[in-house]
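Notes follow the structure.
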Amino acid sequence: MDHLAFHPGPLPPDLVGCAGLRHPSYGAIASFVGVVRNHHHGRTVTALHYQAHPELGIGVLRRLADQLRADHDSGLVATIVHATGDLVPGDAAIAIHLRAAHRRAALAACDQAIEAIKRDLPVWKRETYADGTTVWMEGS
Amino acid sequence: MIIRLFGPMAAALGVDRLESGPLSDTEGVLAWIAERHPTLADLCRRSRVAVGDAFADGPLPPHTAEVAVIPPVSGG
């Protein structure tokens, strides 16, 4: 069963890691963990705030998981959790763990997932810099 | 109709929702905001509209009470 969620604050180790997801039905787990950087375009980042639209976000993730199954492996199971609220450099902001029978499906699905999330997941990031200024970021 | 705002759009106006009269389509929602808040016109051109848990494009379902304006996202 998929686990699609937003998590208040930095992601804890049990969501960043995938040890608890191992199961003999799945020969591969492809993971992506996004970490808050301490720099952006030459500026020192000291803090970061994520705001989300959870209702739309869960809908986006549910449809993404269905698309990944259609494109790569009908038995794929998705764990995708995005942090919200206040984070600092080094914190985990997003964890994607995709379980599939074989590695190629899992890896291709993970790449597709992060690109779709960057494009469609309704989350907005506000960076705070060492000089105290803040900027809302747009996707890259 | 309630128009929910997020991220840079909410920060720019200092509110997280606006209230309009009935609007029939997504273009109308974005145009309504841009007309009343010209500083957001450029952002509106790059924004999408959502109803409930899905993006919308074009005519809104009858009697839609609430929409969300989704400026360019930056998660991940």
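Rounded to two decimals, what is Rg over Rh for the protein assembly as shown when you use alpha-carbon atoms and the Kirkwood radius?
The Rg/Rh ratio comes out at 1.01.
If you keep only loop residues by DSSP, which trypsin sites (Lys or Arg not before Pro) in segment B:1-47 have at most 13 other Cβ atoms within 10 Å of their Cβ? Present the calculation step by step, with values, prior to reporting the outcome.
On the way: sites: B:ARG4, B:ARG17, B:ARG36, B:ARG45, B:ARG46; in loops: B:ARG46.
Within segment B:1-47, the qualifying trypsin sites (Lys or Arg not before Pro) (loop, at most 13 other Cβ atoms within 10 Å) are B:ARG46.
Taking every residue in B:43-50, how many Cβ atoms of other protein chains lie within 10 Å of its Cβ, on average?
For peptide B:43-50, the averaged partner shielding equals 2.
Once the Cα atoms of helix A:54-71 and of chain A are each reduced to a long axis, what angle between those two axes, in degrees from 0 to 90 to the nearest 10, is obtained?
Its long axis makes an angle of about 40 degrees.
Skipping prolines and chain starts, which residues have an amide H placed within reach, meaning under 5 Å, of the one on B:VAL49, given they are 5 or more residues away or on another chain?
It is B:ALA56, B:ILE70, by chain and number.
Within chain A, which is the longest segment containing none of the trypsin sites (Lys or Arg not before Pro) that sit in a DSSP loop and have at most 16 other Cβ atoms within 10 Å?
Working: sites that count: A:ARG22, A:ARG37.
With trypsin sites (Lys or Arg not before Pro) excluded where exposed in loops, chain A gives A:38-140 as its longest stretch.
If each of B:ARG17 and A:ARG37 carries a label point 7 Å out from its Cα toward its Cβ, how far apart are those two points in nm?
3.7
So for the pair B:ILE2, A:THR46, with labels modelled 7 Å out along Cα→Cβ, what separation do we get in nm?
It is 3.6 nm.
Please compute the average number of Cβ atoms from other chains found within 10 Å of each residue's Cβ in peptide A:110-122. Numbers along the way, then the final one.
Details: counts 0, 0, 0, 1, 1, 1, 1, 3, 4, 4, 5, 4, 10.
Per-residue shielding by partner chains comes out at 3.
If neighbour count is taken as other Cβ atoms inside 10 Å, put A:ILE29, A:ILE94 in order from fewest to most. Please list the in-between numbers first.
On the way: A:ILE29 19, A:ILE94 24.
Starting with the residue having the fewest Cβ neighbours, the order is A:ILE29, A:ILE94.
Using the alpha-carbon atoms, what tilt in degrees (0 to 90, nearest 10) does helix A:103-120 show relative to the longest principal axis of chain A?
40
Averaged over A:82-94, how many beta carbons belonging to a partner chain fall within 10 Å of each residue's beta carbon? It would help to have the intermediate numbers written out before the result.
Numbers: counts 2, 1, 1, 0, 0, 0, 0, 0, 0, 0, 0, 2, 2.
Whole-number average of other-chain Cβ neighbours for A:82-94 is 1.
Residue by residue through segment A:21-27, what is 3J(HN,Hα) from phi via Karplus (6.51 cos²θ - 1.76 cosθ + 1.60, θ = phi - 60°)? Round to whole Hz and write x for glycine and proline.
These are the phi-based 3J(HN,Hα) values: 9, 5, 7, x, 6, 10, x Hz.
Which order do A:TYR26, A:TYR129, A:TYR50 fall in if you start with the one that has the fewest other Cβ atoms within 10 Å?
Least crowded to most crowded, the residues run A:TYR129, A:TYR26, A:TYR50.
If you take the beta carbon distance between B:ASP42 and A:ASP86 as r and set R0 to 30 Å, what does 1/(1 + (r/R0)^6) give as a FRET efficiency, to the nearest 0.05?
Working: r = 28 Å, r/R0 = 0.94.
With R0 = 30 Å, the Cβ-Cβ based efficiency is 0.60.
Between A:GLN67 and A:LEU21, what length comes free when the chain is fully extended (0.36 nm per residue of separation minus the Cα-Cα distance, one decimal in nm)? Please report the intermediate quantities before stating the final value.
On the way: separation 46, 0.36 × 46 = 16.56 nm, distance 2.09 nm.
Stretched out fully, the A:GLN67 to A:LEU21 stretch lengthens by 14.5 nm.
If each Cα of segment B:2-70 is one equal point scatterer, what is log10 of I(q)/I(0) from the Debye formula at q = 0.20, 0.22, 0.25 Å⁻¹?
-0.73, -0.90, -1.19
Could you line up B:LEU5, B:LEU23, A:LEU68 from fewest to most neighbouring Cβ atoms inside 10 Å? Could you put the intermediate results ahead of the total?
Details: B:LEU5 22, B:LEU23 18, A:LEU68 26.
Starting with the residue having the fewest Cβ neighbours, the order is B:LEU23, B:LEU5, A:LEU68.
Taken together, the values in this text are just the output of simple stated rules run on the coordinates, not laboratory data. What you see is a predicted model, and the numbers here were worked out from it, not measured in a lab. Backbone-built Cβ (ideal geometry, glycine too); neighbour counts: all protein chains shown.
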